[in-house]
Amino acid sequence: MAKVHVTTSINGEPMEFLCEPSDTMLDALRGPLALTGSKEGCASGDCGACSITLDDRLICSCLMLAVEAQDHEIRTIEGMAQGDKLHPLQQKFLEMAALQCGICTSGMLVASDALLKKNPDPSEEEVRFWLAGNLCRCTGYDKIVRAVMETAAEMRAQ
Amino acid sequence: MNLVTNNKWIGQRTIRPDGMDKVTGRAQFAADTTMPGQIWGKVLRSPHPHARIRSIDTSKAEKLPGVKAVVTARDIVDFPIANGAVMLGIQDMRWMCRNVMARDKALFPGHPIAAVAATTEAIAAEACKLIEVDYEVLPWSIEIDDAILPDAPILHEFNKFDGKPSNIAGRLEHKKGDIADGFKKADIVIERTFTTRPVHQGYIEPHACLISVAPDGKTTIWSSSQGQFMVRAMTAYLTGIPQSDIRAIPAEIGGGFGGKTIVYLEPLATLLAKKSGRPVKMVMTREEVMRATGPTSGSKSTVKIGATKDGKIVAAHGTFYLQAGAFPGSPIRGAAGCSFTPYDIPNLLSEGYDVCSNRSKVAAYRAPGAPIGAYAVECVMDEVAEALKMDPLDFRLKNAAKEGTKAAHGPVFPRIGFIETVEAAKNSDHYKAPLGKLQGRGVASGFWFNAGGESSAQVNITEDGNVVVTTGHPDIGGSRAGIANICAELLGIDYRRVSVIIGDTQTIGFSNLTGGSRVLFASSIVVTQSTEKIIQTLRERAAKIWEIDPEAVKWENGAAHPVSPNAGQFEPLTLQELAEKAPAMGGPIGAGVQLNTTGADGGFGTHVCDVEIDVDLGIARVIRYTAVQDVGRAIHPGYVEGQLQGGVAQGIGWALNEEYIYTKEGKVDNPGFLDYRMPVCSDLPMLDCIMVEVPNPKHPQGVKGVGEVPLVPVMAAVANAIYNALGKRFYALPMSPPKVLEVLDAPTREAAE
Ligand code: FES
Ligand code: FES
């Protein structure tokens, strides 16, 4: 089967790749694009480990076809830190032990970042409902929710 | 032993050494790696719960373009049943070889029948469909009640119980005193029967591996597991490759909770790689994970407790039937051995029965068996306390095990911290807070054995005076952070100068699984001893330079100092200075220690749970939770709390929503995260932790295992809270909305309005 050529932007860089028409964006990221920070936990949109943003909208990359990236802007965990400067959320996750095994962490960070862009002052309930699509089996979510709230407070103070 | 006090790093919330990789997406989990020339492996699985395999024809699959190798049970080393058990840890290779690939019978839907390697995943999947299997479909049973019927279909004809073929694969008992006698003394006796459903460990990372085999048999395994040495040994046993030829490299592991303590894919991928001459990658789908790995047992337990009017338990009897799945080996030891252990009961009989049935072989899940047993025991404890009109925590205090109590499973307790956990729960703000309408509060306690076992460490000083620690246990929940804290503390240097690496099987000495709440306990002992050897070397080197006796040199704040002015007046020699002088002063500085560690103390916890009932939807919502645990010594409090919170979240899922649902055909009907309902962020409140620290006197830093206790009391705490809210007790898990709605009959609803 002939592969499809896709031109897109990933983490602010122009990017091209080849994929099968049936490949998901997650397949393309983890395959030809070698961006394995996005994880596959379910391939059915239920765990959020593959969270990315498409034109600033939070999505599950396992539910998007790779060809749909054509002419759009994709952001992944790999684009979150600026050089050696971590995003405040990344820093706070580290400081507050908001990760254990770390398999959900990329998705959690991408989803939390999308939340804070939309709402810099979320209530605990808003954080919990926003992150309800991101499963974490290790932490019980407590430290994750606290880290997101604290980052939001610090970012607002700046 | 002198406990380190006055710490700079032990007890600090340092940033874990592997954290940066994990927040940036750089960390390499098993499915993230590729090798040149790599092809893909896929497994053909049985559609039937129980079937004799008459023949397998792989010829069509082999001819499909792109297919490079096909393997079946013929390619796997057989461990004949009649030859007796071949144990590797707690696993019998006779079952393992049949679990990774069905040999004569398929025993559950999802049981591997054959595996294919092809140039793409799609071709491998296509080839699986071309394999022709002639099955003789057999009757089956899944539930315990069906599997123990006299005429139940028997999974393993060779297995006998009471002289007859049976699905009961084993029985175990713990006994103390005389229960008949004990119950005679009781003023109140309560006996109840409980059931729980199988639940999956639910790690977010599916099983995955990437394996290459050179023509001379040298094999490299890159995989996700709770033990690279277990992977090496099991793969060696099942493929016939010597262990010395297999290098098992631990990838970062995306959760395990006991479920990654056995192999599923590695032997198959190794054989496919050997046959094809190409590296083979295999990654399970979520559906495969749910159908064919783990879970833990479903159960049926009967618990009877007798107490006198003044609140003393005089006798107890527990009978725990646990599902083993397709092969013997359910965690009856945890159920029968742990559930009564928090209490000093003079007359006790605790029995466990291991029952095979046609579902996937169970795997360890966090304190295997103990949460199942504790659910039953702690609910009956609640009923007895109520009947005696006693506060449930006072009732526990009155009967609490303490130093000198002999547990039914053998040990006489040293100084333990159980009472402290009950007292801390009782004194917590949580326990004193008022409750609102349709809210209820429940408590429960729990125990887990904890373990020591084999561990190896190597500590090397780099030429620039920093430190590299290598241990042999995969880091699943932050153990590297604890090790860095300890090593830095002992050396008196900044923890950021310590890098902690998980060695592969060919670079570090044997280390047992990450499991049993043993990793930080065991690894910190070998790391401590290695670091102490290094400090000894550093003192000797400084002594040589100063031309004084090594005894006259002390190590403090990262440098050698003369012990006192009369030892001589010398400027301190730092770790860095001594490292730089190493080539001229006796060479590289490093030390390794291998030990079979002992002295792991059991762990105790007491939990308080508040629920609120949504009468319209039947949802029991946990609104406040406090987990109290004796953690010995919290080397990194952040990750200790994380263990407590994570265990609680899993227990809430088990109590309220998680269960395997089966179709009429005996297949799992909810093999995905949509229908197998694990707690999500909006299902839970903040989870409070109270860490009680009663140091383990047999450990240099006082460490006790912490990872498993947190799951043990949860289901009972939730059940007791629901009872407290509704006045109605559930004897079956999960207490899911339809079941709660059922008991919310008209009067209850009216009362709420
Ligand atoms: S992998 Fe995309 S949501 Fe789970
Ligand atoms: S940290 Fe392991 S799944 Fe979230």
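The values are calculated or read from the model by the stated rules, or taken from the named source; none is laboratory data. Keep in mind that this is a model prediction, so the values were computed, not measured. Positions of Cβ are backbone-derived with ideal geometry, glycine not excepted, and every protein chain shown enters the neighbour counts. What goes into the accessible areas is simple: the full protein's heavy atoms, side chains included, and nothing from ligands, DNA or RNA. Shrake-Rupley method; radii C 1.70, N 1.55, O 1.52, S 1.80 Å.
List of remarks:
- Accessible area expressed per residue, segment B:74-217, with surrounding protein chains retained (probe 1.4 Å, Å²): 44
- Reduction of at least 20 Å² in accessible surface, 1.4 Å probe, comparing all protein chains with the chain by itself, residues of segment B:17-56: B:20, B:22, B:23, B:24, B:25, B:29, B:32
- Long-range amide H partners of residue A:96 with built H, under 5 Å: none
- Per-residue Karplus couplings for segment B:257-267, computed as 6.51 cos²θ - 1.76 cosθ + 1.60 with θ equal to phi - 60°, are listed in order as 6, x, x, 10, 9, 10, 9, 10, 9, 4, x Hz, Gly and Pro entered as x.
- Along each principal axis, Cα extent of chain B, largest first, Å: 85, 75, 51
- Backbone geometry of segment A:39-44 corresponds, through the Karplus equation with coefficients 6.51, -1.76 and 1.60 at θ = phi - 60°, to 3J(HN,Hα) couplings of 10, 10, x, 8, 6, 10 Hz, x marking Gly and Pro.
- Shielded by partner chains, segment B:669-708 residues - at least 50 Å² of accessible area, 1.4 Å probe, vs chain alone: B:673, B:681, B:682, B:686
- When segment B:517-606 is described by a simple charge dipole with +1 on each Lys and Arg Cβ and -1 on each Asp and Glu Cβ, the residue from B:588, B:567, B:550 located farthest towards its positive end is B:588.
- Debye log10 I(q)/I(0) for segment B:451-524, one point scatterer per Cα, at q = 0.13, 0.21, 0.23, 0.27 Å⁻¹: -0.35, -0.87, -1.01, -1.27
- 1.4 Å probe accessible area per residue over chain A, in Å²: 41
- Distances between placed amide hydrogens fall under 5 Å for residue B:633 paired with B:696, B:704, all partners being 5 or more residues away or on another chain.
- Whole-number accessible area per residue in Å² for segment B:354-412, which is evaluated in the context of all protein chains at 1.4 Å: 25
- Shielded residues, segment A:103-134 - accessible-area loss of 50 Å² or more between chain alone and all protein chains, probe 1.4 Å: A:103, A:128
- For chain B, calculated [θ]222 nm from helices alone, where every DSSP H run of n ≥ 4 adds -39500 (n - 2.57): -8000 deg cm²/dmol
- Positive minus negative residues near residue A:7 (Lys, Arg vs Asp, Glu; Cβ under 11 Å): -2
- Applied to segment A:128-142, the Karplus parametrisation 6.51 cos²θ - 1.76 cosθ + 1.60 on θ = phi - 60° returns per-residue 3J(HN,Hα) values of 4, 6, 5, 8, 5, x, 10, 6, 10, 9, 9, 8, x, 6, 3 Hz, with x for Gly and Pro.
- The order of B:350, B:166, A:22 by accessible area, most exposed first and with a 1.4 Å probe, is A:22, B:166, B:350.
- Cα gyration tensor shape of segment B:16-142, rounded if a/c is under 1.5, else prolate or oblate by comparing a/b with b/c: oblate
- Close amide H partners of residue A:65, meaning residues 5 or more places away or on another chain with modelled amide H under 5 Å apart, are A:25.
- Gyration tensor over the Cα atoms of segment A:78-135: the corresponding equivalent ellipsoid has semi-axes (square roots of 5 times the eigenvalues, largest first) of 18, 14, 11 Å.
- Size descriptors for segment B:354-416 (Cα atoms only): Rg and Dmax, in that order, 16.0, 44 Å.
- Taking each of B:304/B:664; B:42/B:260; B:185/B:402 in turn, the alpha-carbon distance tops 28 angstrom for B:304/B:664.
- Electrostatic bookkeeping for residue B:388 treats Lys and Arg as +1 and Asp and Glu as -1; over the other residues with beta carbon under 13 Å from its beta carbon, the sum is -2.
- Protein heavy-atom accessible area occluded, A/B pair - total, 1.4 Å probe, Å²: 3800
- Segment B:555-634 and segment B:373-424 have Cα centres lying 29 Å from one another.
- The ellipsoid that matches the Cα gyration tensor of segment B:75-119 has semi-axes, each √(5λ) in whole angstrom, of 22, 12, 10, with the longest given first.
- The rule of thumb for compact globular proteins, 2.2 N^0.38 Å, goes into the C-alpha radius of gyration of segment B:198-261 1.19 times.
- Using Cβ point charges alone (K and R +1, D and E -1), the dipole size of the protein assembly as shown about the Cα centre works out to roughly 1740 debye.
- Antiparallel %, DSSP beta bridges [both residues in segment B:609-753], to 5: 55
- For the protein assembly as shown: rounded, prolate or oblate by the Cα gyration tensor [a/c cutoff 1.5]: rounded
- Sulfur and carbon atoms: percent of accessible area, the protein assembly as shown [1.4 Å]: 52
- Segment A:7-92: C-alpha gyration tensor shape, a/c 1.5 cut-off, then a/b vs b/c: oblate
- Under a model in which nothing but the beta-carbon of Lys, Arg (+1) and Asp, Glu (-1) is charged, chain B shows a dipole of about 960 debye around its Cα centre.
- Since only B:399, B:741, B:244 are under comparison, the one whose Cα sits farthest along the positive direction of the charge dipole of the protein assembly as shown, derived from C-beta charges on Lys, Arg, Asp and Glu, is B:244.
- Selected from A:135, A:54, A:94 as most flexible by GNM, with chain A as the system and alpha-carbon contacts under 10 Å: A:94
- Net charge of neighbours whose Cβ lies under 13 Å from the Cβ of residue A:115, counting Lys and Arg as +1 and Asp and Glu as -1: -2
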